[in-house]
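To start, the structure itself, in structure tokens.
The values are calculated or read from the model by the stated rules, or taken from the named source; none is laboratory data. Note that the structure is a prediction, hence the values are computed from the model and not measured. Every residue, glycine as well, gets a Cβ built from its backbone with ideal geometry; the counts of neighbours run over all protein chains shown.
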Amino acid sequence: MPQERTYRNRLLFRDRLISFRTIVKETDLFIRASMNLAARAKESILLHRGYIESFIRQHPDFSTSLVPLQIPKPVPGIIADMMDAGTGAGVGPMAAVAGAIAEHVGHDLLKLSREIIIENGGDIFIQTNQPVTIGIFANRSPLNMRMGLKIDCGGRSMAVCTSSGTVGHSLSFGTADAVTVVSRSCPVADAAATAIANRVKQKSDVKDAINFGKDIKGVKGLVIIINDKAGMWGDLNIVQLQQNKG
């Protein structure tokens with residue numbers, strides 16, 4: 001049975017779009033659109049997963065490398081995006097896989113819905129006509145869901161991706177409760193969040209991790225939360241979230 005990701009009900013605040021979930025193998029997407037596009041989403045996931053799975057059969061190191069790979073192009077678009085994102089952040093291409101799938105499926109669904117939000121394991125692709133607020137899920141931190149990012153797409157897609165050393169199954173060498181990155185590119189935000197989170201093992205690492213992250217091409221802003229400490233940089237609209245009482 002698929003694992004229920006309860007944080008999703010707290011992560012996205014968007015009342016007028018229809019919500020649905022589409023699962024294919026390890027890919028588990030929570031999608032909001034103007035209509036139920038679950039069947040089309042499944043087709044898109046199968047297509048893009050197919051590109052990745054086929055490429056891994058030809059290049060097994062693509063799935064295991066923790067450092068950037070230089071593989072001669074041309075390659076499928078999703079592969080190129082993952083490789084470029086990994087190279088920019090100094091990590092392996094699979095560090096961008098969730099963000100890449102969210103973005104490529106998102107672009108496919110935008111042909112049928114003018115607004116799309118896709119969450120894939122904490123990595124969010126957004127294209128909406130009005131601003132949307134994304135709460136920062138920080139697990140055990142007292143700052144968990146205390147702040148959010150107000151995202152205004154401005155007619156183009158945006159990405160908000162989060163990596164954590166304390167929640168989730170993705171590989172992380174750090175102990176940050178949340179490293180959230182904002183970018184126009186979901187693969188870039190995903191890879192950058194992973195790379196930055198790897199550098200946060202204690203509170204004193206936050207400043208250096210921010211300095212590292214802000215130099216990654218395509219990163220527009222970032223938030224780091226570890227225990228009760230938060231650091232942030234960039235073009236961010238931070239909002240305080242209301243806490244439920246009782």
Reported set for the range 165-212 where residues are at pLDDT 95 or above and of a type in the set (Asp, Glu) is 190, 205, 208
From the set of residues in the range 104-150 that are of a type in the set (Ser, Thr, Tyr) and either in contact with a Cys (Cβ under 6 Å, 6 or more places away or on another chain) or farther than 20 Å from residue 224 by Cα (or both), which is modelled with the highest pLDDT?
-> 113
So is residue 57 basic (Lys, Arg), part of a helix (DSSP H, G or I) and in contact (Cβ under 8 Å) with a residue 60 or more places away in the chain or not?
-> no
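Which one of 101, 79 is more than 17 Å from residue 197 (Cβ to Cβ), without any contact (Cβ under 8 Å) to a residue 60 or more places away in the chain and β-branched (Val, Ile, Thr)?
Values: 101 fails: without any contact (Cβ under 8 Å) to a residue 60 or more places away in the chain.
Of 101, 79, the one residue that is more than 17 Å from residue 197 (Cβ to Cβ), without any contact (Cβ under 8 Å) to a residue 60 or more places away in the chain and β-branched (Val, Ile, Thr) is 79.
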Mind counting the residues in the range 176-209 that are assigned to a loop (DSSP other than H, G, I, E, B) and not β-branched (Val, Ile, Thr)?
-> 8
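Scan the range 114-142 for residues that are part of a loop (DSSP other than H, G, I, E, B) and surrounded by 19 or more Cβ atoms within 10 Å (Cβ to Cβ) and jot them down. Break it down into steps so the answer makes sense when it comes.
Taking the range 114-142 first, the residues part of a loop (DSSP other than H, G, I, E, B) are 114-115, 121-122, 128-131, 136-142.
Across the range 114-142, the qualifying residues are 115, 121, 122, 128, 136, 137, 138, 141.
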Looking only at the range 8-25, and only at residues there that are closer than 21 Å to residue 107 by Cβ and in a loop (DSSP other than H, G, I, E, B), the one that is modelled with the highest pLDDT | 25
Which residues, counting only those in the range 210-243, are surrounded by 15 or more Cβ atoms within 10 Å (Cβ to Cβ), part of a strand (DSSP E or B) and either touching a Gly at 6+ places or on another chain (Cβ under 8 Å) or β-branched (Val, Ile, Thr) (or both)?
-> 219, 220, 221, 222, 223, 224, 225, 226, 232, 233, 234
Out of (1) in contact with a strand residue (DSSP E or B) (Cβ under 8 Å, 6 or more places away or on another chain); (2) within 23 Å of residue 178 (Cβ to Cβ); (3) assigned to a helix (DSSP H, G or I), the odd one out for residue 150 is which?
-> (3)
